[in-house]
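A quick write-up on the structure given underneath.
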Amino acid sequence: MLLRILGGLALALMLSAGRVATADTGTEAARMVVDKLNGALIDVMKNAKQLGYQGRYKKLDPVVREVFQFEAVAQIALGSHWKTLSDEQKREFVKKLTELSIATYAAQFNSYGGEQFQYDSDQVVKPDRVVVRYKMVIPKETPVKFDYMVNQFDGKWEIINIVVDGISDLALKKAQYTSVIDREGFDVLMTKLTQKITDYANNDNNSKS
């Protein structure tokens, strides 16, 4: 079922400008998911220094797990390599990918300078797929465009990709992860992801010293 839902995702995202969404239940539900993530990010930014990296991680952990469909992200990111993994390897990768995503948010959203997310528009790609567009407005700077790809899985709307100023996070992951597996294997990829998480935590600790 999941693989069928994911089939043709990349092509659908490219063609997503075709139909403008109305304010129906699906688009409203998809937008609520994005609003929950954006609200949590602004909250940790406003309290970034008091929270520190570990505090930001702890606050973002349940929200990120709730709003993203990490199994779907994992399958797309690994491409054909996904089918070659054992069930245990698949579980390990989804777990590590989830932890890395939380760590990335905790590390990057580490200060506040008046930023806010402003809703722009939404588009229906399919009955179970919506693109929700926001801008991060930054005082005295050019706004940053965020396009959230939100899919419905078993009745629940979850984010599957974010395109920031035209750069697809999922496309970057796929290019990087498949390249590492091709050259060095799955175990090396897992080691690199683990090291990246450790680096995020260490960089925060070093900045305090």
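Summary of computed values
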quantity	calculated
Backbone HN-Hα couplings from phi across region 136-152 [Karplus 6.51/-1.76/1.60, Hz, Gly and Pro as x]	8, 8, 10, x, 6, 10, 5, x, 9, 8, 10, 10, 9, 8, 10, 10, 9
Listed residue pairs exceeding 24 Å between alpha carbons, taken from Lys59/Lys83; Lys95/Lys174; Lys95/Lys192; Lys46/Lys95; Lys58/Lys83; Lys49/Lys145	Lys59/Lys83; Lys46/Lys95; Lys58/Lys83; Lys49/Lys145
Most fluctuating residue given options Leu97, Leu37, Leu172, as computed from a GNM of the chain linking Cα atoms under 10 Å	Leu172
At least 18 Å along the helix axis (C-alpha) and Kyte average at least 0.0, DSSP helices within the chain	25-46
Centre separation in Å (Cα based) which lies between region 33-82 and region 92-119	5
Fraction of accessible area attributable to carbon and sulfur, the chain (%, probe 1.4 Å)	52
Estimated dipole of the chain in Debye, rounded to 20 [Cβ of Lys and Arg +1, of Asp and Glu -1, Cα centre]	200
Selected from Ser168, Ser86, Ser179 as most flexible by GNM, with the chain as the system and alpha-carbon contacts under 10 Å	Ser86
Residue-span extension gain [Lys196 to Asn47] - 0.36 nm each, minus C-alpha spacing	51.3 nm
Accessible area expressed per residue, the chain, with surrounding protein chains retained (probe 1.4 Å, Å²)	53
Per-residue [θ]222 nm for the chain (sum of -39500 (n - 2.57) over DSSP H runs n ≥ 4, rounded to 500)	-19500 deg cm²/dmol
Under 5 Å, built H, 5+ apart or other chain: amide partners of Phe68	Ile159
Normalised contact order of the chain, rounded percent, pairs of Cα under 8 Å and 6 or more residues apart	25
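The values are calculated or read from the model by the stated rules, or taken from the named source; none is laboratory data. Predicted model only: the values in this text are computed from it and were never measured. For neighbour counting, all protein chains shown are included, and Cβ atoms are generated from backbone atoms with ideal geometry for every residue, glycine included. Side chains included, ligands, DNA and RNA excluded: accessible areas come from the protein's heavy atoms. Shrake-Rupley method; radii C 1.70, N 1.55, O 1.52, S 1.80 Å.
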